[in-house]
Amino acid sequence: MLTSDDIRQRKRDGRKISSLTAYDYPMGRLLDESGLDLILVGDSLGMVVLGHPDTTFVTMEDMVHHTRAVARGVQRALLVADLPARSYLTPGAALANARRLVDAGAGAVKLEGGTGMRPQMEAITNAGIPLMGHIGMLPQSVREEGGYKVKGRSEAEARALLQDGLAVQEAGAFAVVLEIVAPETAHRITQALEIPTVGIASGADCDGQILVTYDLIGLFPWFQPKFVTPKAQIASAIRDAVAGYIEETRRGGPAA
Ligand code: KIV
């Protein structure tokens with residue numbers, strides 16, 4: 001089983017970190033057997049498996065349930081679970097809920113925010129729970145932010161993001177996600193931090209990359225982010241298989 005220290009070490013060794021999301025046992029097991037470094041039970045499950053419009057609907061109960069399922073399938077990768085919206089409003093709540101995710105099988109937890117989240121981040125790391133930060137576009141604040149917009153385009157925003165990255169590092173996190181950060185700013189943050197940056201739509205210069213697996217394999221055909229080039233078309237494969245089965249059944253074809 002890879003540890004948070006192994007992930008941190010990747011940056012020192014100059015080895016890129018590969019990571020994707022999983023929400024259930026088969027996907028966790030398939031991703032793990034494929035050799036990924038890090039598997040995230042992301043609160044993106046709110047959209048891609050629970051059918052909500054954004055991640056703010058996800059509860060701790062949802063996260064515990066899906067983390068347990070994924071954990072049953074993961075033997076090698078570091079398993080990280082998201083603390084959902086409103087589950088870390090205070091340092092005490094952050095720690096209590098991080099413990100619930102660890103009890104469900106997570107090897108680390110992730111929360112969104114930079115300088116303003118330092119007390120919550122420290123409550124978690126001081127208790128010995130490995131923490132991954134998440135800065136840039138924060139999906140749990142999508143309504144306040146008015147959409148999924150690029151962060152760090154202006155010099156002022158780039159500096160603020162750098163301060164967020166440093167706060168995450170100083171709070172003891174082992175890595176930080178950079179979401180929809182302008183590539184030149186992501187590069188700058190990556191150069192400045194000792195901990196690895198794991199980018200999503202933030203350019204190629206991060207220390208690793210993460211994507212929502214359903215976007216990568218074409219399993220959520222109703223929305224395809226522009227920054228992802230799918231490497232498979234699983235939704236089409238399902239539709240074709242089911243159409244074939246319907247036709248066969250109506251023809252009175254094989255039942256077994
Ligand atoms: O919830 C999620 O899937 C995430 C990643 C995309 C970083 O936070």
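Over region 129-256, average the accessible area per residue using a 1.4 Å probe and give it in Å², no decimals. Display every interim value, and only then the final one.
Values: 6650 Å² over 128 residues.
That works out to 52 Å² per residue.
Once the Cα atoms of helix 60-73 and of the chain are each reduced to a long axis, what angle between those two axes, in degrees from 0 to 90 to the nearest 10, is obtained? So the helix axis and the longest Cα principal axis differ by about 70 degrees.
At a 1.4 Å probe radius, which order do Arg188, Arg72, Arg8, Arg239 fall into by accessible area, largest first? Provide the component values of the computation, followed by the final result.
Working: Arg188 95, Arg72 160, Arg8 65, Arg239 135 Å².
Largest accessible area first, the list is Arg72, Arg239, Arg188, Arg8.
Extension gain, Phe57 to Asn126: 0.36 nm times the residue separation minus the Cα-Cα distance gives 22.0 nm.
By how many nm would the segment from Asp205 to Arg143 lengthen if fully extended, with 0.36 nm per residue of separation less the alpha-carbon distance?
Working: separation 62, 0.36 × 62 = 22.32 nm, distance 2.88 nm.
Residue separation times 0.36 nm, minus the Cα-Cα distance, leaves 19.4 nm.
For the chain, the longest principal axis of the C-alpha atoms and the axis of helix 183-192 are separated by about 50°.
With the Kirkwood sum run over all distinct C-alpha pairs, region 1-155 has a hydrodynamic radius of 15.9 Å.
In this simple spin-label model, placing a label point 7 Å from the Cα along the Cα-to-Cβ direction at both Arg239 and Phe227 gives a separation of 2.7 nm. Spatially, region 139-198 and region 6-33 are offset by 20 Å when compared through their Cα centroids. Of all the options Val142, Val242, Val228, the one that moves most in a Gaussian network model of the chain with Cα springs shorter than 10 angstrom is Val242.
Computed from backbone phi with θ = phi - 60° and the Karplus coefficients 6.51, -1.76 and 1.60, the 3J(HN,Hα) list for region 215-224 is 6, 5, 10, x, 9, 10, x, 7, 8, 10 Hz; x is used for glycine and proline. Amide H to amide H distances under 5 Å link Val41 with Ala22, Val80, Ala81, Asp82, where only residues 5 or more positions off or on other chains count and H is placed in the peptide plane. Relative contact order for region 26-99: 38 percent, from Cα pairs under 8 Å spaced at least 6 residues apart, divided by residue count.
Computed from Cα positions, the angle between helix 4-13 and the longest principal axis of the chain comes to roughly 70 degrees.
Relative contact order of region 127-232: 21 percent, from C-alpha pairs under 8 Å at least 6 residues apart in sequence.
Output the relative contact order of the chain, whole-number percent, from Cα pairs under 8 angstrom with separation of 6+ residues. Before the final figure, lay out the partial values.
Working: 515 pairs, mean separation 41.6, N = 256.
Contact order relative to length: 16 percent.
The values are calculated or read from the model by the stated rules, or taken from the named source; none is laboratory data. Remember, it's a predicted structure, so these values are computed and weren't measured experimentally. Counting neighbours? That spans all protein chains shown, and the Cβs are built from the backbone with ideal geometry, glycine included. Each accessible area value is taken on the protein alone, full model and side chains, heavy atoms only, with ligands, DNA and RNA left out. Shrake-Rupley method; radii C 1.70, N 1.55, O 1.52, S 1.80 Å.
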